[in-house]
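The values are calculated or read from the model by the stated rules, or taken from the named source; none is laboratory data. A quick note: this is a predicted structure, and the numbers were derived from the prediction, not measured. Heads up, the Cβs are rebuilt from the backbone with ideal geometry, glycines too, and the neighbour counts pull from every protein chain shown.
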Amino acid sequence: MHDLYNFVSGPLVWVAFAVFFFGCLYRLIRMLALVNQKEKFIFSYMSFKYSLRSILHWSIPFATENMRQHPVMTIVTFAFHFCLIITPLFLLAHVILWDEAWHFSWGHLPEGLTDIMTLVVVFGCFFFLIRRLRLPEVQFVTSASDYIILGIVAAPFITGFLAYHQWFNYPFFMILHIISGEIMLITIPFTRLAHMVLAPFTRAYMGSEFGGVRHARDW
Amino acid sequence: MAEVATKKKTTQILDEGIERGAARLTTDQIATVVNRVLKTETGARLKTYVETCIHCGLCSEACHYYLSHDKDPRYSPVGKVKATLWEILKRKGRIDPESMKQIALIAYTECNLCKRCAMYCPFGIDIAYLILVVRRICHLLGITPQYLQDTAHSHAATMNQMWIKDDEWIDTLQWQEEEAQAEIPALRIPLEKEGADIMYSVIGPEPKFQAQLIYQTAVLMNVAGLNWTMPATPGWDNSDMAMYSGDNEIMGRIKRAHFEAATRLRVKKIVMGECGHAFRSVYDMGNRWLGWKMPPIPIVHAIEFYYNLLKEKRITVAKKYDEGVTLHDPCNVVRGGGLHEKSRYVVKAISSNFIEMHPNREHNYCCCAGGGVINCGPPYKNVRVDGNRIKAEQLFAAKSRGATTLIAPCHNCHSGLEDINHHYGLGFKIKFIGDILYEVMEKPE
Ligand code: HEM
Ligand code: SF4
Ligand code: SF4
């Protein structure tokens, strides 16, 4: 058990972060290289002002027509994404780990709060799952990979929650938590989770087209 | 698990163009063409759109087909991409001819390329573009709806949409000139006037069926005292169904002819009639195919032209049209050109009782005729009418608030809405802005 723990919390962390960073970088570079190679004209339509205008509208809850048409989804997805990114970054236990390893530290959130935020992420995944199962327009375009992606995202939060509260078998869930977190990091660049890096670009392009050429809103 | 809709789609349509095309194909040939298109004609856009789409279905409510078919998921934007492009990608192009026919039907007749869904997808995924890629593949495979293909042939052979011969075109203009001279004796429709300020261009169906629209514009030009001309050579037609059939090469040829006519006449700008798809062709797609980021010569759509005339008081209104009017926002000039405030300015200037329909402006529902769907011909009339029940509901709501006249500043919209008007018994009078403007404007005695 100890060897396994040392392995997943040592070398594998390095691997996971490296794959995550370089993978995301690779996705970005590959996309831009492809634009450069085949659709160079896209660069000439990109407008900083209209990209920002579009990204901003789509980053503010209820700032777009579609968000207003789906209020529950809007609240859930904003809460989900916010907690998904903020919780691991400002969780006390994570911050302490960084400090121990690198003597480098930043602020953290109260543990009671991060506990709730973890549940928000898990609930978000559950909500997305129910949507996939219940809404015909979502179910129609759902394949196995969509469920797997949801599982990959939910796992580190569920196991982290269990480990933190030391329910059931602590060491087991701790190791599971670390592994599932690493799996999530590794899969982000190579699955549709890559929307994390690609979304700003698709949005920016549509924003530029609508703003600069079509003189119309895109929200 | 929720039931994925199992209802049968509306009766299967047998389209000669698609049937005969598919009969000549093999799976191998289809795969060759698909992979050639994917390799040589698509790039980061297609790849990024397909790989970013999170399968959330949030684009569904954007689409009038989806809304009109009781939210049948097969009509949602992403549902149509799944049934066409995803299938093609998943099978690496190895689609059998029978399935390819279905894919062609969806791509050509169940999407108007209206881009409303691009405003609803949180990533801004351009589904109209993805569907156009599928149409491009179908075109290269020779499985296009027969009527649409006939129109594309006409473009290729005559540089206009309606098989109009060069002398018929000139005859029509001179005929309209004579007619209008009965009203304004000094009126001219100046042909081939080099160095004029404006080249006025129309779509093929105007001289063929709606010559009075040319008459009305001639009156407008003359009363406003503008220095204008129309070409007497091919290039006069600004319409473009090749853009919708997937025949980009012909699209390029006809746009080049159009721009070259304007260049030869050394005009300062092209003013075009009330047409949406033609605007898309000169302002968005055709110019880009030819390598122009923006059109090489300024393009002024009729809405903007009227707006300028009224704003500059070159045309004044004698007595406003007083029936309740509502305004349809054509996708291609509103989501495609941002002319919605100008069209409202014009409509309010010429009519006294303007009633908004909802949703409006960029969020207006498409007419379901656009994207070449109406040019796929009579076999698909029901597809268009049943596929746009939501439009009928939208119009009915405007009617219940007092609108009796429906203004549609686009030819495709006009015809599509006429069918919806008739089918759902809405009883609107459907007019172009130009019809009313001509009626209410101050004319010399
Ligand atoms: C920071 C940039 C990110 C942006 C702008 C973004 C944006 C979006 C958007 C627009 C959706 C569409 C559906 C919805 O609104 O819920 C979505 C869904 C989703 N995102 Fe993100 N996201 C980001 C990062 C992430 C990350 C880092 C993950 C996980 C590793 C993630 C996981 C998910 C999941 C699981 C869904 C739901 C899929 C479903 O409906 O099943 N996102 N995201
Ligand atoms: S018809 Fe319009 S809204 Fe529907 S899928 Fe096509 S482009 Fe999107
Ligand atoms: S809204 Fe966008 S991401 Fe969601 S299914 Fe539709 S196209 Fe895909």
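Here are some notes:
- Yes/no for B:Ala22 being buried (at least 20 other Cβ atoms within 10 Å of the Cβ), under 22 Å from B:Gly372 (Cβ atoms) and small (Gly, Ala, Ser): yes
- Subset of the range B:316-346 [among the polar types (S, T, N, Q) and either part of a loop (DSSP other than H, G, I, E, B) or within 16 Å of ligand 2 (Cβ to nearest atom) (or both)]: B:Thr316, B:Asn332
- Among (1) facing chain B (nearest Cβ under 8 Å); (2) within 30 Å of B:Asp329 (Cβ to Cβ), the one test that A:Ser208 misses: (1)
- Test: residue in the range B:98-111 that is within 16 Å of ligand 1 (Cβ to nearest atom) and farther than 17 Å from B:Val37 by Cα: no
- Residue, nearest to B:Gly43 (Cα to Cα), within the range A:32-61, restricted to residues that are away from chain B (no Cβ under 11 Å) and not in a helix (DSSP H, G or I): A:Met46
- The lone exception for A:Arg203 - which of (1) more than 9 Å from chain B (Cβ to nearest Cβ); (2) touching a Pro at 6+ places or on another chain (Cβ under 9 Å); (3) crowded, with 20+ Cβ neighbours inside 10 Å it fails: (1)
- Tally of residues being small (Gly, Ala, Ser) and surrounded by fewer than 17 Cβ atoms within 10 Å (Cβ to Cβ) across the range A:42-101: 5
- The set of residues from the range B:23-72 being without any contact (Cβ under 8 Å) to a residue 40 or more places away in the chain, among the hydrophobic types (A, V, I, L, M, F, W, C) and within 16 Å of ligand 1 (Cβ to nearest atom) is empty.
- Residue in the range B:112-132 that is farthest from ligand 1 (Cβ to nearest atom), counting only those that are within 10 Å of another protein chain (Cβ to nearest Cβ), in a loop (DSSP other than H, G, I, E, B) and touching a residue at least 40 places away in the same chain (Cβ under 8 Å): B:Lys115
- Number of positions in the range A:76-116 that are within 16 Å of ligand 1 (Cβ to nearest atom), away from chain B (no Cβ under 14 Å) and under 17 Å from the mean Cα position of the chain (by Cα): 10
- Residue within the range A:187-196 that is under 30 Å from B:Gly338 (Cβ atoms) and not in a helix (DSSP H, G or I) present: no
- Scope the range B:28-52; condition out of contact with any Lys or Arg (no Cβ under 7 Å at 6 or more places or on another chain) and in a loop (DSSP other than H, G, I, E, B); matching residues: B:Thr42
- Selection of the range B:347-369 for residues being away from every other protein chain (no Cβ under 14 Å) and either touching a strand residue (DSSP E or B) at 6+ places or on another chain (Cβ under 9 Å) or within 16 Å of ligand 1 (Cβ to nearest atom) (or both) yields B:Val347, B:Lys348, B:Ala349, B:Ile350, B:Ser351, B:Ser352, B:Asn353, B:Phe354, B:Ile355, B:Glu356, B:Met357.
- Just so you know, in the range A:1-41 the residues that are within 22 Å of A:Tyr205 (Cα to Cα) and of a type in the set (Val, Ile, Thr) include one that is surrounded by the fewest Cβ atoms within 10 Å (Cβ to Cβ), and it is A:Ile29.
- With respect to the conditions (1) on the phi < 0 side of the Ramachandran plot; (2) free of Cβ contacts under 8 Å to residues at least 60 places away in the same chain; (3) within 13 Å of chain A (Cβ to nearest Cβ), B:Gly291 falls short on a single one, namely (1).
- In the range B:13-66, the residues that are over 24 Å from B:Ile390 (Cβ atoms) and among the polar types (S, T, N, Q): B:Thr26, B:Thr27, B:Gln29, B:Thr32, B:Asn35, B:Thr40, B:Thr42, B:Thr48, B:Thr52
- Taken together, the criteria place B:Tyr129 among residues that are surrounded by fewer than 22 Cβ atoms within 10 Å (Cβ to Cβ), within 16 Å of ligand 3 (Cβ to nearest atom), closer than 23 Å to A:Arg192 by Cβ and of a type in the set (Ser, Thr, Tyr).
- Single unsatisfied condition, A:Glu137 versus (1) within 16 Å of ligand 2 (Cβ to nearest atom); (2) modelled with pLDDT under 95: (2)
- In the range A:131-148, the residues that are of a type in the set (Phe, Trp, Tyr) and facing chain B (nearest Cβ under 7 Å): A:Phe140
- Members of the range A:102-150 found to be among the small types (Gly, Ala, Ser) and surrounded by 15 or more Cβ atoms within 10 Å (Cβ to Cβ), listed by number: A:Gly124
- Residues that are away from ligand 1 (no atom under 11 Å from the Cβ), free of Cβ contacts under 8 Å to residues at least 40 places away in the same chain and not hydrophobic (A, V, I, L, M, F, W, C) were ranked within the range A:169-200; the one that is nearest to the other protein chains (Cβ to nearest Cβ) is A:Ser180.
- Some residue of the range B:147-159 being more than 24 Å from the chain's Cα centre (by Cα), in a loop (DSSP other than H, G, I, E, B) and in contact (Cβ under 8 Å) with a residue 24 or more places away in the chain: no
- Considering residues of the range B:41-74 that are hydroxyl-bearing (Ser, Thr, Tyr) and at the interface with another protein chain (Cβ under 9 Å from one of its Cβ atoms) only, the residue farthest from A:His70 (Cα to Cα): B:Thr42
- The selection criterion, being within 16 Å of ligand 1 (Cβ to nearest atom), surrounded by fewer than 24 Cβ atoms within 10 Å (Cβ to Cβ), within 14 Å of chain A (Cβ to nearest Cβ) and at pLDDT 95 or above, does not hold for B:Pro77.
- Residue among B:Leu130, B:Leu89, B:Leu148, B:Leu85 that alone is farther than 28 Å from B:Ser239 by Cα and modelled with pLDDT of 95 or more: B:Leu89
- Of the residues B:Tyr306, B:Tyr283, the single one that is outside the structural domain of B:Ala408 (by TED's automatic domain parsing), of a type in the set (Ser, Thr, Tyr) and within 13 Å of B:Asp240 (Cα to Cα) is B:Tyr283.
- Only one entry in B:Thr316, B:Thr263 is out of contact with any strand residue (DSSP E or B) (no Cβ under 9 Å at 6 or more places or on another chain), away from chain A (no Cβ under 14 Å), surrounded by fewer than 21 Cβ atoms within 10 Å (Cβ to Cβ) and among the polar types (S, T, N, Q), namely B:Thr263.
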